[in-house]
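All remarks here apply to the structure that follows.
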Amino acid sequence: MNPARSHSPQLLIENGVGVEAGLFNADAAVTCVESGLANDCLRLMMEPRNRDLESALSNVAEMEAVLNAAGVDRPRLLHGFGATAWPLIEEATRRGYATRAGLEDTFELADGSIARDNTEIVAEAAHMIANILGAS
């Protein structure tokens, strides 16, 4: 749903339904801010579609710049896809963002082996996050 062309997100929010905004790049962040919905969302999901980590992190920095400049203070979730899935789980944890992991994001575990199922991915992500937080 494009919030710039629809009143549906605002109607949902007004009726107590939590709305999350999925942001793929800075343009999407601008659209979300300009729509007036950014600070009403349950959280903002930064979901860079870049295939390499350097580009994904650059994309995230651009989204953060837009959100920060607009004073958006909603919780943020960061996750990647494919090759960026595991590095962005680590990055999200270091930045204090929520994250997610599952077959929707990657079929591989952090070591590159193929996951048996979603449970294995989630368990590895939880272990990774616990290790990072324990080292902090």
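Read-outs throughout are calculated quantities, based only on the coordinates presented, and are distinct from any laboratory measurement. Just so it is clear, the structure is predicted and the values come from calculations on it, not from any experiment. Here the Cβ is made from the backbone with ideal geometry for all residues, glycine too, and neighbour counts use every protein chain on show.
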What is the helix-to-structure angle for 53-69, meaning the angle in degrees between its Cα long axis and the longest Cα principal axis of the chain, kept from 0 to 90 and rounded to the nearest 10?
30
Can you list residues whose amide H is under 5 Å from Glu108's amide H, if they're 5+ apart or on another chain and H is modeled 1.01 Å from N?
Ala115
Which of Phe107, Leu77, Leu42 sits farthest toward the positive end of the charge dipole of the chain, with +1 on the Cβ of Lys and Arg and -1 on the Cβ of Asp and Glu?
Leu42
Dipole magnitude of region 74-136 about its Cα centre (Cβ charges: Lys, Arg +1; Asp, Glu -1), debye to nearest 20
420
Apply 1/(1 + (r/R0)^6) to the Cβ-Cβ distance of Leu42 and His127, taking R0 = 25 Å, and write down the FRET efficiency to the nearest 0.05.
0.40
Using only alpha carbons, build the gyration tensor for the chain and give me the equivalent ellipsoid semi-axes, biggest first, whole Å.
28, 16, 14
Roughly how far apart, in whole Å, are the Cα centres of region 121-135 and region 39-55?
20
Simple spin-label estimate for Ala135 and Arg94 in nanometres, 7 Å along Cα-Cβ
0.9
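About the Cα centre, and with charges only on the beta carbon of Lys, Arg (+1) and Asp, Glu (-1), how big is the dipole of the chain? Nearest 20 debye, please.
Charge dipole of the chain: 240 debye, to the nearest 20.
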So how much slack lies between Ala65 and Asp27, counting 0.36 nm per residue of separation and subtracting their Cα-Cα distance, in nm?
12.5 nm
With the crude spin-label approximation of a point 7 Å out along Cα→Cβ, what separation in nm comes out for Glu20 versus Phe81?
1.5
Counting other Cβ atoms within 10 Å of each Cβ, which GluC sites (Glu not before Pro) in region 96-131 have at most 16 and sit in a DSSP loop?
Glu104
